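Here the structure comes first, spelled out in structure tokens, and everything after it is commentary.
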Amino acid sequence: MNLGRKVREEVARRARFRCEYCRIHDLDAGFPHQADHVVSVKHGGLSGLDNLAYACAICNRRKGSDIASIDPVTGELVALFNPRQQRWSDHFRLDAEWIIPVTRIGEATARLLGLNLTERLAERRLLQSLGRYPSG
């Protein structure tokens, strides 16, 4: 979906130019960050600021049009983290390079987005050593 330049700029500015899921700054990502539809258009989501999140290409690709995930332990459907309605710190905490989920929503999101895959941990560890990513 083609969003206007002003809308994209506002989404980026509001997020302080960091992915609203994994927190990587857009200057440190290999590909440009994107405006993610929190609720995808195919699920009835609109392209207004209240439904757009700033996402790195990896998080946006892994999230796709998903809005929930199945809990592998309980089999229950669990909503994903919604940056427009929830605070990151209510669902995750940072422990060194690890993004630790602290709620079921955080767990579902971390699992689906692969927030703690080996290569993502290595990237955050490197960025932390350069002072480019917050440490826990």
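Considering only segment 41-62, state which residues are outside any helix (DSSP H, G or I) and of a type in the set (S, T, N, Q). If you could, list the steps in order and put the result at the bottom.
Here is the first cut: in segment 41-62, the ones outside any helix (DSSP H, G or I) are 44-48, 52-56.
Selection gives SER47 alone.
From the list ARG23, ARG18, ARG87, pick out the single residue that is closer than 24 Å to ASN116 by Cβ and in contact with a Pro (Cβ under 8 Å, 6 or more places away or on another chain).
Numbers: ARG18 fails: in contact with a Pro (Cβ under 8 Å, 6 or more places away or on another chain); ARG87 fails: in contact with a Pro (Cβ under 8 Å, 6 or more places away or on another chain).
None of the others qualify; the one that does is ARG23.
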Every residue from segment 94-107 that is charged (D, E, K, R) and outside any strand (DSSP E or B): GLU97, ARG104, GLU107
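Can you tell me how many residues within segment 18-40 are outside any helix (DSSP H, G or I) and over 18 Å from PHE92 (Cβ atoms)?
The first filter runs over segment 18-40 and keeps only residues outside any helix (DSSP H, G or I), leaving 18-25, 29-40.
Pick out the ones that are also over 18 Å from PHE92 (Cβ atoms) and you get 29-35, 37, 39-40.
Residues that pass the stated criteria total 10.
From the residues in segment 2-47 that are of a type in the set (Gly, Ala, Ser) and touching a residue at least 12 places away in the same chain (Cβ under 8 Å), which one is farthest from GLN85 (Cα to Cα)?
Restricting attention to segment 2-47, the residues satisfying the condition of being of a type in the set (Gly, Ala, Ser) are 4, 12, 15, 29-30, 35, 40, 44-45, 47.
Then keep just the ones that are touching a residue at least 12 places away in the same chain (Cβ under 8 Å); that gives 12, 15, 29-30, 35, 40, 47.
On the way: ALA12: 17, ALA15: 14, ALA29: 25, GLY30: 28, ALA35: 16, SER40: 15, SER47: 16 Å.
Residue satisfying both the conditions and the ranking: GLY30.
Name the residue, out of ALA110, ALA122, that is in contact with a Pro (Cβ under 8 Å, 6 or more places away or on another chain), under 17 Å from ILE24 (Cβ atoms) and not in a loop (DSSP other than H, G, I, E, B).
Working: ALA122 fails: in contact with a Pro (Cβ under 8 Å, 6 or more places away or on another chain).
None of the others qualify; the one that does is ALA110.
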Residue match in segment 28-35 (condition: crowded, with 17+ Cβ neighbours inside 10 Å, touching a helix residue (DSSP H, G or I) at 6+ places or on another chain (Cβ under 7 Å), farther than 22 Å from GLU107 by Cβ and of a type in the set (Asp, Glu)): yes
Residues of segment 106-123 that turn out to be more than 14 Å from ALA68 (Cα to Cα) and buried (at least 17 other Cβ atoms within 10 Å of the Cβ), as a count: 3
Test: residue in segment 97-105 that is modelled with pLDDT of 95 or more, more than 13 Å from the chain's Cα centre (by Cα), of a type outside the set (Lys, Arg) and surrounded by fewer than 12 Cβ atoms within 10 Å (Cβ to Cβ): no
Breaking point among (1) small (Gly, Ala, Ser); (2) over 22 Å from LEU127 (Cα atoms); (3) crowded, with 18+ Cβ neighbours inside 10 Å, for GLY48: (3)
Where a residue in segment 57-70 is in contact (Cβ under 8 Å) with a residue 40 or more places away in the chain and its partner, wherever it lies, is buried (at least 18 other Cβ atoms within 10 Å of the Cβ) and assigned to a strand (DSSP E or B), with Cβ under 8 Å and at least six apart: CYS59/ASP36; LYS63/ASP36; LYS63/ALA55; ALA68/VAL78; SER69/VAL78
Considering residues of segment 80-93 that are free of Cβ contacts under 8 Å to residues at least 60 places away in the same chain and not in a loop (DSSP other than H, G, I, E, B) only, the residue surrounded by the most Cβ atoms within 10 Å (Cβ to Cβ): PHE92
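The values are calculated or read from the model by the stated rules, or taken from the named source; none is laboratory data. Source: prediction; values computed, not measured. Because the Cβ atoms are built from the backbone with ideal geometry, glycine has one as well, and the counts that use them run over all protein chains shown.
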